[in-house]
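Notes for the one structure printed next.
The values are calculated or read from the model by the stated rules, or taken from the named source; none is laboratory data. None of the values given here were measured: they were computed from a predicted structure. Note: ideal-geometry Cβ built from the backbone for every residue, glycine included; neighbour counts use all protein chains shown.
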Amino acid sequence: MTRSTTTSLQISTAAATPRVSSQHSIASHQQRETQPTRADSARKRFDALKARWWPSMRCHIEEVLRGTSGELSTLLRMADYQLDTDGKRLRALVPIRLAQAFRVDPRRLLPFAAACELIHNASLVHDDIQDGDTVRRGQPAVWKVFGMAQAMNLGSAFLYQAVQLIDGLEATPERRQEILRRVLKATLSVIEGQCQELSLRARLDVGFDQYLAMVGLKTASFLVLPMCGSARLCGASKELEQGLTEAANYLGTLYQIQDDIVDLWGDKGRGCRGNDLREGKPSALVAHCLEQSSPADGEWLRQVLRKPRELTTTEEVDEAIELFERCGSLDFVLDEVIRLSDAAVSVPALTGHPDLLQVVQEMKILIQSTIAGPLALRDRLPSAQPAMDEDATRSRGGAHNLVNLHPSSRRH
C-alpha cells in the first residue's frame, strides 16, 4: 500500500492547521532554559515519593494477594511479574502527593493509593490482550509469558483485590463505602471507554469530539479517581474536590494525547514504533486527520488501520507520519497539549490554593516531558508559551474548544 510521493498527500491549503506563531517561539526561546529544570524538579519529587512510599503500598498489595493465594500460586507469580515492571506509578503517587498538599499523613491514604495502582494495572493487562501488544514497559507482556487465559484471571483478580484494599482504609464505614462507589464508577467508566474505542476501531468514522468523549472515559477517569478520591479522604471541601476533578479531566486527556504522539515520535517501551496505528486505534492524530484530509488520503489511512497489525509495514507507518505532519494533525494535537495544559493550571476553584496548584503543575510537567525529547519541540510546550489569544483560536477553527472538554460540560 505504499504510495508515490506525488499522489499520497492531497491536502488542501484550507484544511491544513496553521503553525504556531513566531511570537510563541520567541517567548519560548527566552524561557527555554527553565523547562528542563522544572521537569527535572517534578520528576525528582515523584521519584522520591516512589522510593519512599511504593514499598509500603506493595506491602499492602502483598497482604491482599497472599490472603487468597498460596506461595506457589500462578496468580501470585503473575502479580509479581506485572508489578515488578518499572512503571511511573503516577496514579499511586498522586494520593500521596495530595496528602502532603492537604497536610494529611500520607499513611492514611496508602490502601487507596495501592488500590488505584491495582486498578490501573488491571486495565493494562486487559488492554494488552485486547490490543495484541506483546511488550509492556520493555518486557514481554504478562499474557505472552503466562498465556492469555491466565492473564485475564490476573486482570480480574486485581480489580477485586482493589476492592479489598479499600476495606482496609482508616475511615468510617460510610466514607469507605463512598470511596468504594467511586472506585467502581471509575472502573466501569474505563470499561465503557474501552468499549467505545473498540467500536470506533470497527467503524473508523471517528471525529475529534468522539475521540474526546472516549478518552474522557477511558483515560481521564483513572486520574479523576486518585485526585478526587484523595481530596475526599483528606476532608477537602466540595468546591476543591470539584476543582481537582476538573483539573484531572484536563490532565487525563492531555496524558492520552501525549501517549498518541509518543507512539509515533517517541518510544513507549512496546517493541516498535506505531503500535497504535498497527492496531487500528482511533488516536487524536487519526481523528483529526480523518476530518481534515482529502477523501483519497482518508480512505488510504482507513485501509492501513483496517489491516492486521502483522501486515502493516514500517513504510506505511512512515507514510502515515508524513500524512499527519502535512495534514496539520501534529500541529493540531500539539496545540491541544498547549490548551489542555493551560486549562489544568487555571481551574478557578483552585485559585488561592498554591499547594494544590503546585501538584497539578507538577503532573502537567511530568506528562509534557514525555513529548519534549522525542519531538525536539520544547519551545512549543505550554509551560514555555503564552496562552493562545482569541484570534489564534478562531484561525484554527475553534471547533474543539477543550475548556469544555467532557460530555457533562461540553456544548451540544
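Values for this structure:
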item	result
Test: residue in the range 278-285 that is assigned to a helix (DSSP H, G or I), of a type in the set (D, E, K, R) and surrounded by fewer than 22 Cβ atoms within 10 Å (Cβ to Cβ)	yes
Set 319, 315, 362: member being surrounded by fewer than 16 Cβ atoms within 10 Å (Cβ to Cβ), part of a helix (DSSP H, G or I) and either modelled with pLDDT of 90 or more or small (Gly, Ala, Ser) (or both)	315
Top-ranked residue in the range 168-183 [being loosely packed, with under 14 Cβ neighbours inside 10 Å and not β-branched (Val, Ile, Thr); ranked as farthest from residue 248 (Cα to Cα)]	173
Enumerated helices (runs of 4 or more DSSP H) restricted to the range 79-156, each holding at least 1 residues that are closer than 17 Å to residue 61 by Cα	90-101, 110-131
Exclusive hit being of a type in the set (A, V, I, L, M, F, W, C) and in contact with a helix residue (DSSP H, G or I) (Cβ under 8 Å, 6 or more places away or on another chain), set 151, 48	151
Identity of the residue in the range 133-162, modelled with pLDDT under 95 and among the β-branched types (Val, Ile, Thr), that ends up surrounded by the fewest Cβ atoms within 10 Å (Cβ to Cβ)	134
Failed item in (1) part of a helix (DSSP H, G or I); (2) more than 18 Å from the chain's Cα centre (by Cα); (3) closer than 23 Å to residue 68 by Cβ; (4) not basic (Lys, Arg), with residue 169 passing the rest	(1)
Total residues in the range 63-122, condition more than 24 Å from residue 140 (Cα to Cα), at pLDDT 95 or above, surrounded by fewer than 22 Cβ atoms within 10 Å (Cβ to Cβ) and of a type outside the set (Lys, Arg)	6
Residue 346 being within 28 Å of residue 245 (Cβ to Cβ), of a type in the set (Ser, Thr, Tyr) and either part of a helix (DSSP H, G or I) or over 20 Å from the mean Cα position of the chain (by Cα) (or both)	no
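For (1) touching a residue at least 60 places away in the same chain (Cβ under 8 Å); (2) more than 22 Å from residue 62 (Cα to Cα), each residue gets a yes or a no:
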{"residue": "163", "(1), (2)": "no, no"}
{"residue": "203", "(1), (2)": "no, yes"}
{"residue": "211", "(1), (2)": "yes, yes"}
{"residue": "234", "(1), (2)": "yes, yes"}
{"residue": "240", "(1), (2)": "yes, yes"}
{"residue": "247", "(1), (2)": "yes, yes"}
